[in-house]
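Worksheet: one structure, shown below.
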Amino acid sequence: MREKLQDNSLRHLPAVDMVLRDDRIQTLLSRYARVLVTETIREVLERLRTELVQAPIQSQDPDGTGERRTILNRVVDEVTIGVQQKTQFSLRPVINATGVVLHTNLGRACLGEGTRAVLQQVGGNYSNLELDLVTGERGSRYAHTDWLLRQLTGAEASLVVNNNAAAVLLALNTLARDREVIVSRGQLVEIGGSFRVPEIMSQSGAVLREVGTTNKTYRRDYAQAINDRTALLLKVHTSNYRIIGFTQETALEEIVSLGREKGLPVMEDLGSGLLLDLQSWGLPAEPLIQDSIRAGADIVTFSGDKLLGGPQAGIIVGKKQYLDQMKKNPLLRALRIDKLTLAALEATLREYLDPNRALETIPTLRMLTISPEQLRQKADQLLVRLRELIGEEKLELNVLPGQSVVGGGSMPGQELPTWLVTVRAKAISAAALAKALRCQPDPVLVRIHDEQVILDVRTINETEYDRLVAAIAASLEEGVNCGRSSN
Ligand SMILES: *Cc1c(COP(=O)(O)O)cnc(C)c1O
């Protein structure tokens, strides 16, 4: 019986050839490559076949003409959408209206204008990546950021790798393989995207030696755990959460003095690499890289694309003797930074030579330090544009004060006062509007609160306003089609 029903339904499914003969598909063929279209037809037919097997349709008329027509139309529609999706870039810019400055899912830091220009130069040309232009001999790719990193952090030496997880892995593998690393129990953190201190430790071949308790760890806890297998004392900045109340963290200075006493190196994983104190802008006290170096840490690691505001990279600064060992570790080759990243990192670091300039030219820093008055102005301007171009018959609009978050596992719990444009669409729900906004040619990411779409102007550039307004207008049209998820 079931067999019979399936046969009956599948009979209505057109053959690839037949779909290809359809006028609408012929139009697609005049614009797109034939393989792209036929491949998409096959995918759509395959999907429908599975669907029909699971839920056969009951034929109304004996020869099934009506069903065949319906199915063919559906195939054509899905093929059209599928082809359009395939011809669009998968990875592309989005408008971040969430107010989360370092949004890991949205690519963390945005690069500034000067940095983007350098990327184009280095990417589009040959470069002296591993060539010393003075001697004409082979050079080191790590030399390009070395002077800058030493100058900006006060460290003796530097090394850059693919990301901070790689920096920690390389440091542990080089300095502590088959030996013990002492870490406070309160610092065995997990960072989004599956970086976990205990796991990276075991991958590096080092043995984790936990000391203290979740909320309190004293100098004596570290001291008691030291034995002849100890290789390193590690402090991890708990960058994405905070323990409050009855707590005790051992200061870096104290761990350093213990390390000196016992002849052991001390490493600090800072996570977010901050070079400028942002407390005057109402941001919390966050350890600066140069403070860790000054306090005597032998190795300090941090990310390039968190508070530093550069490309994804892992940066290691510290004592030359340890960095030299890391440079000789064969693992470095597997973790190495590519030339585009290196170019972007050098350009970002150069901005810091003039801190006032950096606050303007590095988008992450500009977004974190923009004044509430400026934010209010930005919100008012956006409101005016929305009113002018879409109008209040379709939207209920307001400007309200609110809070943004730093994100990217940086400055947990720290909220920054901001100004929001709230949008209530009269015809569709906030969730439907948010979804339609993600499916626009210029996708927009928003927050939803209280059945309203929230646009936080902190992370929206004024140059994006036209596209943002167009995306909202298009999202209010009927039949926004999101296609299929690529996951
Ligand atoms: C973010 C973070 C990492 C991982 O850095 P990536 O650059 O994302 O690899 C490691 N340790 C700490 C403390 C962090 O905050």
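The values are calculated or read from the model by the stated rules, or taken from the named source; none is laboratory data. Quick caveat, the model's predicted, so the values are computed rather than measured. Heads up, the Cβs are rebuilt from the backbone with ideal geometry, glycines too, and the neighbour counts pull from every protein chain shown.
Got a sec? Which of 92, 138, 177, 185 is within 16 Å of the ligand (Cβ to nearest atom), basic (Lys, Arg) and over 15 Å from residue 341 (Cα atoms)? Break it down stepwise before answering.
Details: 92 fails: within 16 Å of the ligand (Cβ to nearest atom); 138 fails: within 16 Å of the ligand (Cβ to nearest atom); 177 fails: within 16 Å of the ligand (Cβ to nearest atom).
One residue alone meets the criteria, 185.
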Does the range 234-255 include one or more residues that are free of Cβ contacts under 8 Å to residues at least 40 places away in the same chain, buried (at least 21 other Cβ atoms within 10 Å of the Cβ) and farther than 20 Å from residue 161 by Cβ?
yes
What are the residue pairs meeting all of these: first residue in the range 84-110, first residue among the β-branched types (Val, Ile, Thr), second residue assigned to a loop (DSSP other than H, G, I, E, B) and surrounded by 21 or more Cβ atoms within 10 Å (Cβ to Cβ), Cβ atoms under 6 Å, and 6 or more apart or on different chains?
104/408
Got a sec? Which of 400, 383, 416, 359 is more than 28 Å from residue 279 (Cα to Cα) and not in a loop (DSSP other than H, G, I, E, B)?
383
For the range 190-201, state whether one or more residues are without any contact (Cβ under 8 Å) to a residue 24 or more places away in the chain and of a type in the set (Gly, Ala, Ser).
yes
Failed condition for residue 397, given (1) closer than 24 Å to residue 433 by Cβ; (2) surrounded by fewer than 13 Cβ atoms within 10 Å (Cβ to Cβ), with all others met?
(2)
For the structure I just gave you, tell me whether residue 238 is in contact with a helix residue (DSSP H, G or I) (Cβ under 8 Å, 6 or more places away or on another chain) and away from the ligand (no atom under 11 Å from the Cβ).
no
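Would you mind finding the one in 378, 426, 435 that is more than 30 Å from residue 243 (Cα to Cα) and modelled with pLDDT under 95? Give the steps one after another, and end with the answer.
Numbers: 378 fails: modelled with pLDDT under 95; 435 fails: modelled with pLDDT under 95.
The unique qualifying residue is 426.
In the set 301, 341, 348, 364, which member is at pLDDT 95 or above and outside any helix (DSSP H, G or I)? Outline the logic, then answer.
Values: 341 fails: outside any helix (DSSP H, G or I); 348 fails: outside any helix (DSSP H, G or I); 364 fails: outside any helix (DSSP H, G or I).
On inspection, the qualifying residue turns out to be 301.
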